[in-house]
Amino acid sequence: DAMVIQNPRYQVTQFGKPVTLSCSQTLNHNVMYWYQQKSSQAPKLLFHYYDKDFNNEADTPDNFQSRRPNTSFCFLDIRSPGLGDAAMYLCATSRGGSNQPQHFGDGTRLSIL
Amino acid sequence: RKEVEQDPGPFNVPEGATVAFNCTYSNSASQSFFWYRQDCRKEPKLLMSVYSSGNEDGRFTAQLNRASQYISLLIRDSKLSDSATYLCVVNNPASGTYKYIFGTGTRLKVLA
């Protein structure tokens, strides 16, 4: 029944070692988002896609990249993870247009050794 | 001033109690409002959208006060399973159609 699926649920990587997180959706939503959430903080938007149109937030570090090869899949690449990148990474989707709620995946909890 | 502000709590209430949270937003042009619940170390889950006229879903009632720029969530007959963090989310299309601003959440603990 899961409609936004993130893999893996837990990811451990080494300092500086590239890591890729994945997200897929069965909702056929136009918009896909990546958020970073640290403990006791609000989710922070990193970027979003409207279809293939990529929108980066101004304060998203260059270390974070994203790919959306098709409607269903979206990836978050962290090129050189630092200790400060340890967090929960949340993928969300929504229909196009305003007033649309977002639907979140279970999240990937990233740890950096 | 933060764009979206919530009292972090925790609100400790006994089972069966009625509890209400507010969330204030700074941008008067904001148009879309939502409440999400988030359990510890889990993803946010949509609880309800907030409509101008107010809306109800079972034990949950959401209200929007545009004049004072806040939204509220009322939970009646609290259950132990209502214990969670409640996130307020606001969207102002002028800032970006797909830029949703999250509050840091209000933590609710329902006690047996």
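Here are a few things to note about the model shown:
- Residue within the range B:7-22 that is open to solvent by less than 20 Å² (accessible area, probe 1.4 Å) and within 14 Å of another protein chain (Cβ to nearest Cβ) present: no
- From the list B:Ser49, B:Ser81, the one residue that fits, being within 27 Å of A:Gly107 (Cα to Cα) and more than 14 Å from every other protein chain (Cβ to nearest Cβ), is B:Ser81.
- Under the condition of being in a loop (DSSP other than H, G, I, E, B) and hydroxyl-bearing (Ser, Thr, Tyr), the residues counted in the range A:1-33 number 1.
- Put simply, of A:Asn7, A:Asn99, A:Asn63 the only residue that is under 29 Å from B:Ser32 (Cβ atoms) and not acidic (Asp, Glu) is A:Asn99.
- Boolean, A:Thr26 is more than 20 Å from B:Arg41 (Cα to Cα), of a type outside the set (Phe, Trp, Tyr) and open to solvent by 70 Å² or more (accessible area, probe 1.4 Å): yes
- Any hit, the range B:34-44, residues being without any contact (Cβ under 8 Å) to a residue 40 or more places away in the chain, open to solvent by 50 Å² or more (accessible area, probe 1.4 Å) and either under 14 Å from B:Ile101 (Cα atoms) or within 9 Å of chain A (Cβ to nearest Cβ) (or both): yes
- Any hit, the range A:65-75, residues being within 30 Å of B:Pro8 (Cα to Cα) and touching a strand residue (DSSP E or B) at 6+ places or on another chain (Cβ under 9 Å): no
- Test: residue in the range B:26-37 that is within 15 Å of the chain's Cα centre (by Cα) and more than 29 Å from A:Tyr49 (Cβ to Cβ): no
- Residues being among the charged types (D, E, K, R), without any contact (Cβ under 8 Å) to a residue 24 or more places away in the chain and open to solvent by 10 Å² or more (accessible area, probe 1.4 Å) are entirely absent from the range B:74-89.
- Scanning the range B:90-112 for residues that are open to solvent by less than 10 Å² (accessible area, probe 1.4 Å), in a strand (DSSP E or B), within 14 Å of chain A (Cβ to nearest Cβ) and under 17 Å from B:Cys40 (Cα atoms) yields one hit, B:Thr106.
The values are calculated or read from the model by the stated rules, or taken from the named source; none is laboratory data. This is a predicted model, so every value here is computed, not measured. Note that each Cβ is placed from the backbone with ideal geometry, even for glycine, and that neighbours are counted across all protein chains shown. Please note that ligands, DNA and RNA were not included when accessible areas were found on the heavy atoms of the full protein model with its side chains. Shrake-Rupley method; radii C 1.70, N 1.55, O 1.52, S 1.80 Å.
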